[in-house]
Amino acid sequence: MRPIDSSIIALDMEKLQTVTDVDLREKRVLVRVDFNVPLDGGKVANCSRIVAALPTISYLLGQSAKVILMSHLGRPNGKKNLNYSLKPVAQELSRLLNRPVLFLDDCIGPSVASTVDELDDGSVVLLENLRFYGEEEANDSAFSAKLASYGDAYVNDAFGAAHRAHASTVGVPRLLPIKVAGFLMQKELEFLGNRTANPERPFAVLLGGAKVSDKIGVIDALLDRCDKMLIGGAMAYTLLFANGESVGNSPVQKDRSEAAAAAIAKAKRKGVEFLLPVDHLCSNFVDVASKKIGKTQIMDGPIADGWQGVDIGPKTIGRFGKAIADAKTILWNGPVGIFEIPGCAEGTLAIAKFIGDSKAISIVGGGDSIDALDRSGRSKDITFISTGGGASLEFLEGKELPGAAALSTKNG
Ligand code: AMP
């Protein structure tokens, strides 16, 4: 067992105060949630982020608190744009909670102030999209002060927004005496923090996805913690290229080739088993937008010119499966092929099955990985499914999350 560099643990989660550490009974509690959900035809297309916030909301209702929820949705660029209204979310939340949720068509202003003042204990209000005001992302102090005036206490359960220093994540908690983490925030920090910093070993990390540039920081940080690193997806080709292998027309970020070579060298130095694909499903034509591919064939080893890797091959699936089966902790983020094209999803679906079958502590993040678990019916077999995209990656990279750092710790 290799010693762990304790400096990589950016935040000691045991010390963060949560909703159960403070008295919130009958208080006006401002809760930052991440209701940035996909909408389709004016309805919520996927409610998993709303469901993830229910434990905190239900707990607060059990405390007869007046629950004032605030969130962003999409990128309305500081302007009121009803395509990004949270109104459909209020309806969905009301259905899930089986109780009325009052929706306010603004997030600040006199009508918000008077409504909040008259709230009954145990009621729920959802404010309109915070990003209808540019002041939210600018972390404007007057905007923060208006929001803060609606609450006696602040709860942050929006892990997915915790990597942003915005008014609702940093400005508001600065102004309130009680500022604590919700259950979802606590769980995300626990699984992506402590469970990967002090993992049950062997600890296998599987990363896939489009760009090595998005994840090179995570690769580097996790090489300090893991025993095996498995890389698939488009990003594997930059690593294979850096290793001097022929990758044909596969996507390569040549400007990241040095960083990729440094990661491979670091793995060697640290004794981390570094698994790159050894065979590939290749195609001579790919158009992701129209989900079309040309001819396909498995290529063992080097990829011929005119062909590009679109999924991991059967030998790689077998090797990755074995590494996953041997692990006691598994972290997975990102598809190992062009998951959205039907013929290129086999590798990613196989990974979902391997992780579902494993008895290890499993932590999964990223839209495509979560989709693959859903499609293969394995979501229920996963220890923790992370709701945070960019926030998860930044936290795994060892960066401080401003939204978590703004909360009180148990010792002050
Ligand atoms: P990310 O958002 O970084 O997790 O990347 C997800 C994207 O990576 C998906 O849209 C996949 O289509 C893409 N991807 C995975 N493998 C490949 C590949 N071999 N070639 C091109 N794109 C890929």
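The values are calculated or read from the model by the stated rules, or taken from the named source; none is laboratory data. These numbers come from a predicted model, not from an experiment. Neighbour counts are summed over all protein chains in view; Cβ atoms, including those assigned to glycine, are modelled from backbone coordinates with ideal geometry. Side chains included, ligands, DNA and RNA excluded: accessible areas come from the protein's heavy atoms. Shrake-Rupley method; radii C 1.70, N 1.55, O 1.52, S 1.80 Å.
Given a 1.4 angstrom probe, what's the average accessible area per residue across the chain, in square angstrom? Can you show the working numbers first?
Values: 17020 Å² over 412 residues.
Roughly 41 Å² per residue, with all protein chains present.
How far, in degrees from 0 to 90, does helix 257-270 lean away from the longest principal axis of the Cα atoms of the chain, to the nearest 10?
Orientation of helix 257-270: about 90 degrees from the principal axis.
Considering Cα pairs under 8 angstrom that are at least six residues apart, work out the relative contact order of segment 19-181 and quote it in whole percent.
Taking the mean separation of contacting Cα pairs over the length of segment 19-181, I get 29 percent.
Determine the principal axes of the Cα atoms in the chain, then give the extent along each, sorted from largest to smallest and rounded to whole angstroms.
69, 48, 37
Pairs Lys266/Lys399; Lys87/Lys353; Lys322/Lys380; Lys270/Lys399: which are spaced more than 25 Å apart, C-alpha to C-alpha? Let's see the in-between values first.
Details: Lys266/Lys399 20 Å; Lys87/Lys353 37 Å; Lys322/Lys380 21 Å; Lys270/Lys399 21 Å.
Listed pairs above 25 Å: Lys87/Lys353.
Length gain on complete extension for the stretch Asp255 to Asp381, per 0.36 nm per residue less the alpha carbon to alpha carbon distance? Before the final figure, lay out each step's value.
Details: separation 126, 0.36 × 126 = 45.36 nm, distance 3.86 nm.
Contour length minus Cα-Cα distance gives 41.5 nm.
Could you give the angle, 0 to 90 degrees to the nearest 10, between helix 87-97's Cα long axis and the longest principal axis of the Cα atoms of the chain?
On a 0 to 90 degree scale, this one is about 90.
Tell me the angle of helix 212-222 to the major Cα principal axis of the chain, expressed in degrees between 0 and 90 and rounded to the nearest ten.
80 degrees
With a cut-off of 8 Å between alpha carbons and a minimum separation of six or more residues, what is the relative contact order of segment 126-197 in percent? Mind showing how you got there, number by number?
Values: 76 pairs, mean separation 23.9, N = 72.
Computed over segment 126-197, the figure is 33 percent.
What FRET efficiency, computed as 1/(1 + (r/R0)^6) with R0 = 30 Å and r the Cβ-Cβ distance, is obtained for Ala304 and Ala325, rounded to the nearest 0.05? Spell out each step's value before the answer.
Working: r = 32 Å, r/R0 = 1.07.
E between Ala304 and Ala325, to the nearest 0.05, is 0.40.
Which far-off residues, 5 or more places away or on another chain, put their amide H under 5 Å from the one on Phe274, with H placed in the peptide plane?
Met229
Using a 1.4 Å probe and counting only protein heavy atoms, arrange Leu393, Leu86 so the residue with the most accessible area comes first.
Values: Leu393 30, Leu86 0 Å².
Descending accessible area places them as Leu393, Leu86.
In nanometres, what is the gap between the two model label sites at Ala113 and Arg95, each 7 Å from Cα along Cα-to-Cβ?
In this crude label model, Ala113 to Arg95 measures out at 3.6 nm.
How large is the helix-only mean residue ellipticity at 222 nm for the chain, computed as the sum of -39500 (n - 2.57) over DSSP H runs with n ≥ 4, divided by its residue count, in deg cm²/dmol to the nearest 500?
-9000 deg cm²/dmol
How do the peptides 375-384, 111-120 rank, highest first, by the average count of neighbouring beta carbon atoms within 10 Å per residue? Let's see the in-between values first.
Numbers: 375-384: 15.6, 111-120: 13.1.
So the order, starting with the most tightly packed, is 375-384, 111-120.
In what order, largest first, do Asp105, Asp326, Asp224 sit by accessible area if the probe radius is 1.4 Å?
Values: Asp105 100, Asp326 70, Asp224 25 Å².
The residues order as Asp105, Asp326, Asp224, largest area first.
Quantify, in whole percent, the carbon and sulfur part of the accessible surface of the chain (1.4 Å probe; protein heavy atoms only).
Numbers: 8230 of 17020 Å².
Answer for the chain: carbon and sulfur cover 48 percent of the accessible area.
In whole Hz, what ³J(HN,Hα) sequence does segment 119-136 give by Karplus (6.51, -1.76, 1.60; θ = phi - 60°), x for Gly and Pro?
5, 7, 4, x, 10, 10, 10, 10, 7, 5, 2, 4, 7, 6, 10, x, 5, 4
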